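Working notes, beginning with the structure itself.
Computed from the coordinates by the stated procedures, all read-outs in this text should not be read as laboratory data. From a predicted model like this one, the values you see are computed outputs, not experimental measurements. Here the Cβ positions follow ideal geometry from the backbone for every residue, glycine too, while neighbour counts run over all protein chains shown.
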């Protein structure tokens with residue numbers, strides 16, 4: 001486990017990158033094709049830095065099951081944002097940093113915004129496309145949704161990224 005201040009520096013670096021990325025849009029009227037390509041590359045980098053969604057079907061909300069999923073799905077250097085559920089008390093032992101927020105209206109709109117958006121989009125997609133899903137296949141449907149969600153900005157670069165991933169084994 002890293003020291004909290006080192007993890008804080010990593011979060012601050014992400015914030016700095018987000019600010020730089022948001023400032024790119026200030027000069028949009030002066031952009032040429034090269035600037036647009038640069039913007040799309042930065043957007044993809046920012047997206048992959050921030051949004052690596054994962055989803056797993058759980059049998060219960062008890063901490064043992066959640067800890068098992070975190071152990072299986074998360075790297076040791078992961079930073080996890082969650083609400084203050086008592087089921088998440090041991091997550092800080094399994095990842096670099098576990099940031100918890102009391103779940104209220106403000107937290108839902110700010111800190112955990114993308115978690116709630118991803119959940120609502122998954123519900124809408126699964127119920128809208130498949131209508132009736134058997135529990136036996138739920139993980140497969142979630143895998144498909146998460147795959148598409150994590151690659152939503154790849155666009156015409158998807159094939160290139162697939163080739164690179166196959167070559168590097170990533």
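So if R0 is 41 Å, what FRET efficiency would residue 89 and residue 42 give, r being the distance between their Cβ atoms, rounded to the nearest 0.05? Walk me through the numbers before you get to the answer.
Working: r = 37 Å, r/R0 = 0.91.
For R0 = 41 Å, the calculated efficiency reads 0.65.
Roughly how many nanometres apart are two label points built 7 Å out from the Cα toward the Cβ at residue 159 and residue 33?
Taking the simple label geometry, residue 159 and residue 33 are separated by 1.9 nm.
What length, rounded to one decimal in nm, is gained on full extension from residue 125 through to residue 147, with 0.36 nm per residue of separation minus their alpha-carbon distance? Provide the component values of the computation, followed by the final result.
On the way: separation 22, 0.36 × 22 = 7.92 nm, distance 1.30 nm.
My answer for the length gained is 6.6 nm.
With label points built 7 Å along Cα→Cβ from the Cα atoms of residue 69 and residue 20, find their separation and express it in nm.
3.4 nm
Peptides 84-93, 135-144: what's the order by average Cβ count within 10 Å, highest mean first? Intermediate values should be presented prior to the final figure.
Values: 84-93: 14.2, 135-144: 12.4.
Result, highest mean Cβ count within 10 Å first: 84-93, 135-144.
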